[in-house]
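Please treat every number below as a calculation from the coordinates, not as lab data. On a predicted model such as this, the values are computed, not experimentally measured, just so you know. Note: ideal-geometry Cβ built from the backbone for every residue, glycine included; neighbour counts use all protein chains shown.
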């Protein structure tokens, strides 16, 4: 395996690919509309959906209304990312590229750093849910360290698939999307014939205020829709990205929203409320309630959920890698993340995308257990992804209120509504995340800010960005040098 570090000659907008031939460039864009839509669906609908009903049940049936609102917000974000991809000349890296194009390098770096944090932390959340179904599949009740060992398999197997190349990743992704939809559609359609109204909990089952219930539901609902942006993040890998990124985002998000609403409500009606709120793998009792002798059905859905989780982790490993590579190619992330092998896979980024959540899971499994691990990781992921969403909406808003825009009348009102809704939606999600999640996300952001001065200094030394004119240096240039003794004699 050979590696190369790729440095770009300037800090401005760059070509979408640095491959040496048109044939290689076409090979890199291996994701058509179908594969890109599958990547969006596979990234949105991960193992999290198989745990989501249990968390939402803790909030009560009000969580279904919250899920509907989050779905509308996610659809608006899908439209927003499509608009930004069409407008921004170099959209490699998605949300990072939008912020950098509109607000400069620092804003781009901050946005990309936050998204990168949520991507690998989100992988930890996905694998936490995945472990529940592995345990259910094999009928085991392992310790925290044993669960960590299971989680390592879920993190490193998708990393190996990504190291094999993007074509293999896309092929595996499409298969797992199909397998994942089978149990979801079955519960969302057939399951409704077995729903018992008495199983539904109270409208507010949180034990606190309605606001508390909304906060519980909002976190897991938004986490379940994270992935709406992955087609934009991987624009470098998508054929005809200006056309297909927006379409894939909207189609994938819309399909996921329909499935979520049908499935979440059905599971709440299939499993008694007092059982559901304590279940890490709620689809197992849901299937067992449909079939008279349902032990085999529970095993089957657990197996499909395990495959689904691997598919989601497969797609998110690519996303985590690509957002870091795009920044590294621009000199706004450690250059090691741009190292690639002969298949143009950013191998260093793939390894780190598996290593960091592995360490995070080790910490969580040695300090907590059960649904607590999952909900903690969900809250951290939601707050860190809300910031890139917020910056993307602001980037579009800044364009729309400037003199550069070309839209007028009704199209302008429509686009302002989408961008404004994105701003408000991101702020609300951050607020609903809770003080603990916001505090921990802030610490993670501050760690990233400590890296930026070194990256900026390196870019200045290479002449990629101009050095700022410090006041002291400007004063020195303004004052003429004192005459030497020889000069003084000549003047006299």
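Brief remarks on what is shown
- Virtual paramagnetic centre 7 Å along Cα→Cβ of residue 103, amide N under 15 Å, in region 438-467: 445-446, 449
- Likely footprinting exposure, 374, 399, fewest C-beta neighbours within 10 Å first: 399, 374
- For residue 156 and residue 469, the FRET efficiency from 1/(1 + (r/R0)^6), where r spans their Cβ atoms and R0 equals 60 Å, is about 0.75.
- The modelled label-to-label distance between residue 194 and residue 212, using points 7 Å beyond Cα along the C-beta direction, is 3.4 nm.
- Neighbour counts of C-beta atoms inside 10 Å place 268, 75 in the sequence 75, 268, starting with the fewest.
- A straight line joining the Cα centroids of region 82-113 and region 170-235 runs 29 Å.
- Principal axis dimensions, largest first and in whole angstrom, of the chain by Cα: 112, 51, 45
- Report note on the peptides 213-223, 80-90: ranked by the mean count of other C-beta atoms within 10 Å, highest first, their order is 213-223, 80-90.
- Look at the alpha carbon pairs under 8 Å that are at least 6 residues apart: their mean separation over the length of the chain gives a relative contact order of 31 percent.
- Here 102, 440, 460, 322 are placed in order of increasing Cβ neighbour count within 10 Å, fewest first, which gives 460, 440, 102, 322.
- Förster radius 56 Å - calculated FRET efficiency between residue 203 and residue 457 (Cβ-Cβ, nearest 0.05): 0.50
- Gyration tensor (alpha-carbon) shape descriptor, region 178-302, a/c threshold 1.5: oblate
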